[in-house]
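The values are calculated or read from the model by the stated rules, or taken from the named source; none is laboratory data. In this text the structure is predicted, and so the values were computed from the model without any measurement. Because the Cβ atoms are built from the backbone with ideal geometry, glycine has one as well, and the counts that use them run over all protein chains shown.
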Amino acid sequence: MELDPLALSLIYQFGTNAAFLFLAALGLIVILGMMNIINLAHGELMMMGAYVATIAHNQAGLPFPLAVVVSFFSVALFGTVLELLIVRRFYGRELGALVVTWGLSLVLGQGTFLVFGPFMPAIKIPGGSYSYGSFSFSEYWLVLIGISIALVIGLYWLYRYTKYGLQARATMQNAEMAKALGVPTSRVYTLTFSLGAGLAGLSGALLAPTSTIAPFMGQQFVAPAFITVVVGGAANVISGAVGSSVLLSAIKTPIGMAFGAFLGTVALLVAALIIIRIMPNGISATIQKLMDRRRAASIS
Amino acid sequence: MNGKFALEARNVSKHFGGVIAASEVNLQVSPGELRCIIGPNGAGKSTLFALLCGIQRAESGDIFIHEHNVTQMQPFKRIRLGVGLTFQTTRAFQDLSVRRNLAIPNPNLAVYKEGHQRGAKRLQIALEGFGLDPSDDTRAGELPHHKLQWLAISMVLAGYPDTVLIDEPTAGMSRDETDRTTEVLKQLNAHGLTIVVVEHDMHFVKSVAEKVTVLHQGRIFMEGNVAEVTANEDVKKIYLGHAH
């Protein structure tokens, strides 16, 4: 059986759109979704990841996969310092956190501009491309789709089956009770913020070959990231972000292919508005409610 | 665990703005004791618990757990010295299953050099007494109120403490549920667990306590056995007379 090239292209575009949304939201899933910190420096953390990867690969000559790993750890370390010096003073003060992370985003963007100038030579997209019919498919984007799936599984495992994951979920739900059970909550907060920052850096590094490397490149990721996390909801941030990436991509992709990328993005924004109106607590809360109802019905 | 007192507060004070939550509080709880703390609303009972566990920091005075000065110690380190706390409002993690709630304090197990068996036995007593299944995957949020309270107590016991501070364990419970709670706490105490309970229900206090401490306006107003305290005219005036 031969697949219609248009259908294959539609599936490919759907996969790349969903992977882009998920990767853009990756660090924010942890920092906003779990810690409830409106991190307006999310884009700049991604930008830092892209810069570290670019310097490590283009200037230090590291293989690209290793440069991505270096980005993760570098930005995670930066996140640790940030949490210890600044962010921890703003837990439970959402507006304070919003202002301080916004200030931080300005400092990071302008600082990068002063140090590295308006742009940096980009990383060449690794891998080649396949042609099928009149469509071509980037090998690198196929790898990114695979990495996104692996990251979903990895994050799910981390928060579901590890000691840190259980302590982090407990701390984020009720820090006082977690303390009373002997959980070192300050350490959990630091680790969680560092992980979120590191994941933002990792995403920035992974998306670096697909973007222009510039001090304000992070801004293109901020809106999709926030939309993905908010539409996904906080009941289960990982499944929420996956559901949200898939659903929004399923709306954006066909409209984008039929009417152009601009209208595809408009469709995504309208869809996000409608979803938030219908499901104010996000997709994951709705799924949770449906599952609870089904369980209650099966018991009775 | 060694030490003359399982838990001790020496001249501990804490203010919230102009409100005195604890003023020069001196409290000594001996190992194996079952102590009740009573007092009118706002007397500082819950604050005292929070100070003892480090959830709140004392402004002055010292706190000792088995004669270790823990005044500057973070809560998780105090918990590792063998003290557990449950709160006035039920604070089991509603989005986590019963099994996972009970697993949260378990990473601390390795810290206890001794008493594993006693701790495990006490946990077993609580789980059986309260009818909780440690392998239950039901979300805690789906449990009825009294079971959530019992789960919160069992979660603390899962860390194998030798002393527990329990804030209003029977709040909102029926008489049968209160009696079951009383029975389990007595059994736990008989197995060597030091228990300090804040409770308003005098029926509960009379049925469990050996010694009662009365708090009033952040100060220790009186200490004595149940008969002495309930017979005291001043205590009746500030607390019992109003409440009962």
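Just a few scattered comments:
- Residue count for the range A:1-31, restricted to those that are buried (at least 16 other Cβ atoms within 10 Å of the Cβ), β-branched (Val, Ile, Thr) and either more than 9 Å from the chain's Cα centre (by Cα) or not in a helix (DSSP H, G or I) (or both): 2
- Taking first residues from the range B:92-104 that are free of Cβ contacts under 8 Å to residues at least 40 places away in the same chain and partners that are in a loop (DSSP other than H, G, I, E, B), the Cβ contacts under 7 Å between residues at least 6 apart in sequence or on separate chains come to B:Arg99/B:Pro134; B:Arg99/B:Ser135; B:Arg99/B:Asp136; B:Arg99/B:Asp137.
- Index of the failed condition, B:Glu59 passing every other in (1) farther than 29 Å from A:Val188 by Cα; (2) touching a His at 6+ places or on another chain (Cβ under 7 Å): (1)
- Residue in the range A:66-78 that is in contact (Cβ under 8 Å) with a residue 24 or more places away in the chain, among the small types (Gly, Ala, Ser) and within 30 Å of A:Ala175 (Cα to Cα) present: yes
- Against the test of being touching a residue at least 24 places away in the same chain (Cβ under 8 Å) and within 14 Å of chain B (Cβ to nearest Cβ), the options A:Ser284, A:Ser298 yield a single qualifying residue, A:Ser284.
- In the condition set (1) in a helix (DSSP H, G or I); (2) closer than 29 Å to A:Ser284 by Cα, A:Leu40 is compliant with all but (1).
- Test: residue in the range B:62-69 that is in contact with a Ser or Thr (Cβ under 7 Å, 6 or more places away or on another chain) and either surrounded by fewer than 18 Cβ atoms within 10 Å (Cβ to Cβ) or away from every other protein chain (no Cβ under 11 Å) (or both): yes
- Residue, farthest from the other protein chains (Cβ to nearest Cβ), within the range B:84-98, restricted to residues that are closer than 22 Å to B:Ala22 by Cβ and touching a helix residue (DSSP H, G or I) at 6+ places or on another chain (Cβ under 6 Å): B:Gln88
- Unique match (being away from chain B (no Cβ under 14 Å), more than 17 Å from the chain's Cα centre (by Cα) and not polar (S, T, N, Q)) among A:Ala197, A:Ala214: A:Ala214
- Restricting the range A:160-172 to residues that are surrounded by fewer than 19 Cβ atoms within 10 Å (Cβ to Cβ) and at pLDDT 90 or above leaves a set whose member that is nearest to B:Ser97 (Cα to Cα) is A:Gly165.
- Of the strands (runs of 3 or more DSSP E) lying entirely inside the range B:24-106, those containing at least 1 residues that are of a type in the set (S, T, N, Q) span B:60-65, B:83-86.
- Checking B:Pro144 against (1) within 14 Å of another protein chain (Cβ to nearest Cβ); (2) within 16 Å of the chain's Cα centre (by Cα), the condition it does not meet: (2)
- Residues of the range B:77-98 that turn out to be over 16 Å from the mean Cα position of the chain (by Cα) and crowded, with 23+ Cβ neighbours inside 10 Å, as a count: 2
- The one condition from (1) surrounded by 14 or more Cβ atoms within 10 Å (Cβ to Cβ); (2) of a type in the set (D, E, K, R); (3) within 24 Å of A:Leu144 (Cα to Cα) that A:Lys124 does not meet is (1).
- Answer from A:Ser249, A:Ser244 - the residue that is hydroxyl-bearing (Ser, Thr, Tyr), buried (at least 16 other Cβ atoms within 10 Å of the Cβ), out of contact with any Leu (no Cβ under 7 Å at 6 or more places or on another chain) and within 19 Å of A:Ala24 (Cα to Cα): A:Ser244
- So A:Ala175, is it among the hydrophobic types (A, V, I, L, M, F, W, C), within 14 Å of another protein chain (Cβ to nearest Cβ) and surrounded by fewer than 21 Cβ atoms within 10 Å (Cβ to Cβ): yes
- Members of the range A:66-123 found to be part of a loop (DSSP other than H, G, I, E, B) and more than 18 Å from A:Arg187 (Cβ to Cβ), listed by number: A:Arg93, A:Gly117, A:Pro118, A:Phe119, A:Pro121, A:Ala122, A:Ile123
For (1) farther than 30 Å from B:Ala140 by Cβ; (2) within 14 Å of chain B (Cβ to nearest Cβ), each residue gets a yes or a no:
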| residue | (1), (2) |
| --- | --- |
| A:Ser105 | yes, no |
| A:Leu108 | yes, no |
| A:Phe135 | yes, no |
| A:Val143 | yes, no |
| A:Leu151 | no, no |
| A:Leu155 | no, no |
| A:Lys163 | no, yes |
| A:Ala168 | no, yes |
